[in-house]
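The values are calculated or read from the model by the stated rules, or taken from the named source; none is laboratory data. Small disclaimer: the values here were computed from a predicted structure and weren't measured. Backbone-built Cβ (ideal geometry, glycine too); neighbour counts: all protein chains shown. The accessibility values were calculated without ligands, DNA or RNA, using every heavy atom of the protein model including side chains. Shrake-Rupley method; radii C 1.70, N 1.55, O 1.52, S 1.80 Å.
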Amino acid sequence: MADRVTVIGWDGSPLTAAARAALGAATLVAGAAHHLALPEVPPTAERVRLGSVALAARRIAAHRGTAVVFADGDPGFFGVVRTLRAPDFGLEVEVVPAVSSVAAAFARAGMPWDDAHVTVAHPRTLRRAVNVCRAHTKVAVLTAPGAGPAELGLLLDGVHRTFVICEELGTEREQVTVVTSDKAADHTWRDPNVVIVIGGPAGAEGGGWIAGRDPATGPRGWTLPAEVYGTGPGPDATLGEGETEPLRAAQLARLGPRLGDLVWDIGSGSGAFAVEAARAGAAVIAVDRDPAACARADAAARRFGVQLQVVHGTAPYVLENLPEPDVVRVGGGGAAVLSAVADRRPQRIVTHAGTRDAAELIGRDLTEHGYRVQCALLQSVELDTRHWTETERSVAFLLSGVLPDRAP
């Protein structure tokens, strides 16, 4: 095992005295090509090109001597420190930090970033990183080969965003470019890079109290009363029979939308469910064949400060070109829509039925598609507490399907 391992963050600034001292004693130095070319690297030290951090960690663990590992930015922020400290390698590390690549990127853009989400995109997590960019107005994406600005732009099709792309930060070839997301695929970008994705106006002056999106923004409650959605445009701005507050609450509980998810809300109506899924942090596509309903959903999203992609069209045909969902609420459309959704294999599907016969047909269809089905009869009775008299009653069958091989 290496006698000592020092991880040095590098942001293009001159090395600190602590970093130079660690390098002077190093018998092994691991890093990218531009790190290994630094004049402070001892000529007698073994040099390890840092590709797979796990492979380099094994080499360092077998080394007898003093090792130094270089990393761009702050190595403790989505960096190599986590891997090097894994129990598999048994390494004790000292860290000499530097300005993180994310902090440097926002500094180049002249923007605050305490209200930004930060995500890492590589081919395995690219889709989830894109969903974060869909759902939030300020996101920093640490990219990787095959999951860079061009791929982000392609997967954001239909959603307008502004990209601030920072290439090779801290080097002589550093470059900052501002493009719209639809133009990002027209160019070849140099690694490493950081992409700041902007999708709305800047946050309120003075900032908040927590990094990222403030979870306390907006009214309290998972679901909101019908009257807050009944002010949109159109001749009928009331909620439909499948949008009652108890049903929406149960559907949200069954789906559990969360950060990184893409939710389809088919037959979105007033946009109530879509807005509430977006308030949970998920990316949401609201689909409806009625232009007035689409306008109401769009107005509701603006009212509550959430990001929705509203798609006007008739399901199941309009679903063919939509990106892959994680969870889906089917608010209407019948058996054909439900089957088309199940064919896309989302992790969870939730819908409702007005009769037991209809519920049995839906449950049978979901079962045939390989879903584990649950059904509950929901009855809600609202009372006027001044006189304790009944004011409204609703009854619906709540059905949900979970795909076992995709369940968390």
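Annotation: the antiparallel percentage among DSSP beta bridges lying fully within the chain is about 50. Computed in the context of the full set of protein chains, the accessible area of the chain at 1.4 Å probe radius has 53% of its extent on carbon or sulfur.
Karplus-derived 3J(HN,Hα) values for segment 67-82, using 6.51 cos²θ - 1.76 cosθ + 1.60 with θ = phi - 60°, are 10, 10, 10, 8, 8, 5, x, 8, x, x, 10, 6, x, 6, 4, 4 Hz; glycine and proline are entered as x. Each label point was placed 7 Å from the Cα along the Cα-to-Cβ direction; for residue 3 and residue 92 their separation is 1.4 nm. Based on Cα contacts under 8 Å between residues 6+ apart, the chain shows a relative contact order of 11 percent. With R₀ fixed at 25 Å, the C-beta to C-beta distance from residue 384 to residue 360 puts the FRET efficiency at about 0.10.
Amide H contacts of residue 345: none lie under 5 Å away among residues 5 or more positions distant or on a separate chain (H built 1.01 Å from N in the peptide plane; Pro and chain starts excluded). Put simply, the C-alpha atoms of the chain give a gyration tensor, and the ellipsoid matching it has half-axes of 49, 23, 19 Å, longest first. Placing one identical point scatterer on every Cα of segment 46-178 and ignoring solvent, what is log10 I(q)/I(0) from the Debye formula at q = 0.09, 0.15, 0.18, 0.21 Å⁻¹? For segment 46-178, the Cα-only Debye profile gives -0.32, -0.83, -1.08, -1.31.
Hydrodynamic radius of segment 300-357 by the Kirkwood approach over all distinct alpha-carbon pairs: 13.0 Å. Relative contact order, whole percent, for segment 324-408 stands at 32, derived from Cα pairs under 8 Å and 6 or more residues apart.
For a paramagnetic label modelled on residue 172 (point 7 Å from Cα along Cα→Cβ), amide N atoms under 16 Å away belong, within segment 7-32, to 12-14.
Judged by the mean number of other Cβ atoms found within 10 Å, the most tightly packed of the peptides 261-270, 126-135, 50-59 leads the ranking 261-270, 126-135, 50-59.
Rounded to the nearest 10 degrees, the inclination of helix 126-135 to the longest alpha-carbon principal axis of the chain is 60 degrees. Between segment 1-72 and segment 277-308, the alpha-carbon centres lie 50 Å apart.
For segment 26-35, the Karplus equation 6.51 cos²θ - 1.76 cosθ + 1.60, evaluated at θ = phi - 60°, returns couplings of 6, 9, 9, 10, 10, x, 6, 4, 6, 6 Hz by residue, with Gly and Pro reported as x. On the basis of the beta-carbon distance and an R0 of 45 Å, residue 32 and residue 302 show a calculated FRET efficiency of 0.50. Solvent-accessible surface of the chain, taken per residue with a 1.4 Å probe and all protein chains present: 48 Å². Remark: spin-label model distance residue 210-residue 21 equals 4.0 nm, labels positioned 7 Å along the Cα→Cβ axis.
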